[in-house]
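Just below is one structure, and these are the notes that go with it.
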Amino acid sequence: MRSGRLFVWFQYVLPQHALSRLVLRATRARAPWFKNWLIRGFLKLYAIDMSEAVQPDPLGYGSFNEFFTRALKPGVRAVATGPREIACPVDGTISEAGKIEGASLLQAKGRHYSLEELLASRGWAKDFEGGTFATIYLAPFNYHRIHMPLRARLLETVYVPGRLFSVNAATASLVPRLFARNERVLTLFDSAFGEFSLILVGALNVGSIATVWAGDITPAPRRVATVLPPQDVSLDKGAELGRFNMGSTVILLFQKDRARWHAELRAGAPVRLGQSLGELA
């Protein structure tokens, strides 16, 4: 616990955005010697199954970022096909999942934050009161593209400025209102089962957050809350929605009485892209 508190304290004093911009530049550098040095160092730290990737040669990528956000071979992840099944949008680990108690979400044991804060006081925040949520942490070794949990039409995309704390378990247990404080991108969708929101939360060293319809949204040229221009976008279940550069977190929100998670979906459970997380009503 002491080392965790020291790690959190260190994050408070770090120039978080400047550091993340430096990471962005480094991970997109295309000098072969430099990007290969980064990739080899990463592979010494983490066991990555490159046989799943379209390009299985880690040094065959033009930059570290291209390696990190590598595409998977078609069929490597089976997507839940039932019309009422909610497909997991990412590879990762469940941080917390359950009911939204009124307008309050569980961050970690003993810590909560509000829907209004998370959703930056958007008018549709109240629509998720009493609903269902799942928070999924993506570690650096996970696949870092984000996919659709069901077929839906995009209603709104919002950039929300904020800090860039780490989103690992230690930080989540110690930093109050972590996910409502960090920089994030809000997406709101309409589906045959009502509206849902998928929130892409930035973190320390996350160089960028991108969507397939808007490209890179972060780092933003001006750190002010911004509703992005509306776009006519509909995506099928399992289709790519966006991606992170480096590890982070996604939060999935459903309206009241719309979703029921499977019993095994609890804090600490590993999840894989496409697996069934629960059922829709």
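For the reader, a short list of remarks on this structure follows.
- A single member of Arg266, Arg272 is open to solvent by 60 Å² or more (accessible area, probe 1.4 Å), within 19 Å of the chain's Cα centre (by Cα) and under 20 Å from Ala78 (Cα atoms), and it is Arg272.
- Restricting segment 45-65 to residues that are of a type in the set (A, V, I, L, M, F, W, C) and closer than 14 Å to Val76 by Cα leaves a set whose member that is most open to solvent (accessible area, probe 1.4 Å) is Val54.
- Scanning segment 150-164 for residues that are modelled with pLDDT of 80 or more and closer than 23 Å to Ala18 by Cβ, we see that the one that is surrounded by the most Cβ atoms within 10 Å (Cβ to Cβ) is Val160.
- Complete set of residues in segment 216-232 that are open to solvent by 30 Å² or more (accessible area, probe 1.4 Å) and not acidic (Asp, Glu): Pro219, Pro221, Arg222, Arg223, Val224, Ala225, Thr226, Val227, Leu228, Pro229, Pro230, Gln231
Every residue, every condition in (1) outside any strand (DSSP E or B); (2) within 30 Å of Arg30 (Cβ to Cβ); (3) free of Cβ contacts under 8 Å to residues at least 60 places away in the same chain; (4) open to solvent by 10 Å² or more (accessible area, probe 1.4 Å), yes or no:
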site: Gly75; (1), (2), (3), (4): yes, no, yes, yes
site: Ala97; (1), (2), (3), (4): no, no, no, yes
site: His112; (1), (2), (3), (4): no, no, yes, yes
site: Ser121; (1), (2), (3), (4): yes, no, yes, yes
site: Trp124; (1), (2), (3), (4): yes, no, no, yes
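- Candidates Phe34, Phe42, filtered to the one that is in a helix (DSSP H, G or I), among the aromatic types (Phe, Trp, Tyr) and within 22 Å of the chain's Cα centre (by Cα): Phe42
- Members of segment 27-44 found to be open to solvent by 30 Å² or more (accessible area, probe 1.4 Å) and touching a residue at least 40 places away in the same chain (Cβ under 8 Å), listed by number: Arg28
- Of the residues making up segment 188-219, those that are out of contact with any helix residue (DSSP H, G or I) (no Cβ under 9 Å at 6 or more places or on another chain), of a type in the set (S, T, N, Q) and either over 16 Å from Ser248 (Cβ atoms) or at pLDDT below 85 (or both) number 1.
The values are calculated or read from the model by the stated rules, or taken from the named source; none is laboratory data. As the structure is a computational prediction, the values presented were derived from the model and not from experiment. Backbone-built Cβ (ideal geometry, glycine too); neighbour counts: all protein chains shown. Surface areas here come from the heavy atoms of the whole protein model, side chains and all, with no ligands, DNA or RNA. Shrake-Rupley method; radii C 1.70, N 1.55, O 1.52, S 1.80 Å.
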